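The values are calculated or read from the model by the stated rules, or taken from the named source; none is laboratory data. Note that this is a predicted model, so its numbers are computed, not measured. Here Cβ is always computed from backbone atoms with ideal geometry, including for glycine, and neighbour counts include all displayed protein chains.
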Number of protein chains: 2
Amino acid sequence: MQTSPDNDLTTAEPSVQASSHTTAAFSPLYQQIKGFILNSLHAGEWKPGESIPSEMELAARFKVSQGTVRKAIDELASENLLLRRQGKGTFVATHAEQQVQFRFLKLVPDSGTRGSEGPAQRDIIECRRSRATADVARALALRTGDTVLQARRVLSFGGSPIILEDIWLPAAPFKGLTADRLANYQGPMYALFETEFNVRMVRAEENIRAIPASDVHELLLKVKPGTPLLSVERVAYTYRDEPMELRRGCYRTETHHYHNTLG
Amino acid sequence: MQTSPDNDLTTAEPSVQASSHTTAAFSPLYQQIKGFILNSLHAGEWKPGESIPSEMELAARFKVSQGTVRKAIDELASENLLLRRQGKGTFVATHAEQQVQFRFLKLVPDSGTRGSEGPAQRDIIECRRSRATADVARALALRTGDTVLQARRVLSFGGSPIILEDIWLPAAPFKGLTADRLANYQGPMYALFETEFNVRMVRAEENIRAIPASDVHELLLKVKPGTPLLSVERVAYTYRDEPMELRRGCYRTETHHYHNTLG
DNA sequence: TAGTGGTCTAGACCACATA
DNA sequence: ATGTGGTCTAGACCACTAC
């Protein structure tokens, strides 16, 4: 069986495991189901916040048992791509929820919890289209000179400027995003990407160093030149491991620290 | 059924889910199995590197189906406490394996892979018994003044001193560990803890900041005072979430960086 | 050949949410 | 009352490892 006519989805259905010959191309059924679900997520068929079909329905659609679908969903849930809610259904994870609001921001105040300082203040310093330099292009899998959107902003907590961030986005996937829209948007930036451009950040890599503050930092973060700052370079990826954002942050760590858990 | 006489284990068997009344004390069978396995690991019944009983045997022992045991083991494997090897069995994870040698060290060279600079050199600067200060006691869940083992060492890569580490261990669980033994031991420190003291580090929390180098750093890391360094404070935990090690590291980040993955 | 973990199924019952 | 995900079972077959 390759495809079934009663399947209303436009994408190709995963072919059922061929147990007649044990070649190297073997892939477990549940992995194929998982790949199919990933495709649908990537295609935007099910949007962040929405529910996906029930396990029973997916099982019927793929002509496998509920347990096999369950195992595929289990893995996607453990990767934070899906969210299971007993009695309600399985939902596409989103950055818009309060819980996962700061899933990618590891800087926390030394005392108190996040948010105990009141709401963060965000000041856009700069926002424009530009050309990718060699290192920006490499991080975003572009070519040098390709158009990118660039933004610079300062995040303040408790009235003090703590974070200076430079952000680069590839222009193509964010077609229609104006500097103005970015500057005026209130709310999590990753939520904007989801709702307006169907770009969901699912994973990120960060490289961290200690660097001395420059004149720019003195101006924007109100620190003396030479003050040690945490330099955090982040590349965020979407469903298919496509790099979609480069972010370079400079964190003041006199009153905050970067918290990490090692499993 | 509470316990069965044919169970040869000394520890209490998990009581089977009481489905007759749905109280708040409900806990799934597989969670109880998981707890039992955790107990055995904590008690040192199965040692790091050894295999645990097969799924079938555990299922028979607990009088549950293989699938229920499998789910318990699945979770423990995903938490890196157990390691499954198809055809061979399930093994207690260990820090002695080459793969997971540096599971807790996130500092990597900017170019090349870890180890491309040749083997790390470790120089013990100091190693002695002392009394816990207030902050050390708090981190290790001790009382101020309790005896701790303290060590200071420098790690060099490619001939350059990169890391200065101060390590504190509670004296009680490491009874018999002499400063001499620590200083002369070759190999991963966490492997020594496992084999000699049945203390396995399964999890750690790190708090990171940027700090200026002091005179001590100038002496031991060969940097100018004021040079930004990465300050990494780590508390490592064993099976029952007991804090067992406090480690304060200062990393030079001119040629290395701290790498982190955000899920 | 035997034993291990890995996949898959079919069906039962439970807990939770909603109508 | 119905539908969802959560747990548990019993059994089949496959893939890998070791003897």
Next item on the list: Collect the residues in the range B:66-99 that are in contact (Cβ under 8 Å) with a residue 24 or more places away in the chain and within 8 Å of DNA strand C (Cβ to nearest atom), keeping them in residue-number order.
Entry: B:I73, B:K88, B:G89, B:T90
Checklist line | Leading residue by the ranking (nearest to DNA strand D (Cβ to nearest atom)) among those in the range A:22-60 that are of a type in the set (D, E) and more than 15 Å from A:Y239 (Cα to Cα) | finding: A:E55
Checklist line | Test for A:E196: is it within 14 Å of another protein chain (Cβ to nearest Cβ) and under 26 Å from A:K47 (Cα atoms) | finding: no
Item checked: Selected residue (criterion: surrounded by the fewest Cβ atoms within 10 Å (Cβ to Cβ)) from residues of the range A:97-109 that are under 24 Å from B:H259 (Cβ atoms) and over 13 Å from the mean Cα position of the chain (by Cα) -> A:V108
Next item on the list: Hand me the list of strands (runs of 3 or more DSSP E) wholly inside the range A:53-132 holding 2 or more residues that are within 30 Å of A:L229 (Cβ to Cβ).
Entry: A:107-109, A:121-131
Check: Looking at this structure, is A:S40 assigned by TED's automatic domain parsing to the domain that holds A:N184, more than 16 Å from DNA strand C (Cβ to nearest atom) and polar (S, T, N, Q)?
Finding: no
Notebook entry, point to check: Which one is nearest to A:R209 (Cα to Cα) among residues in the range A:232-263 that are more than 8 Å from chain B (Cβ to nearest Cβ) and among the polar types (S, T, N, Q)?
Noted result: A:T255
Check: Of all residues in the range B:61-116, which are within 16 Å of DNA strand D (Cβ to nearest atom), away from chain A (no Cβ under 14 Å) and farther than 18 Å from B:I37 by Cα?
Finding: B:G87, B:K88, B:E97, B:Q99
Checklist line | Candidates A:A120, A:A132, A:A137, filtered to the one that is in contact (Cβ under 8 Å) with a residue 24 or more places away in the chain, under 17 Å from A:R247 (Cα atoms) and more than 16 Å from DNA strand C (Cβ to nearest atom) | finding: A:A132
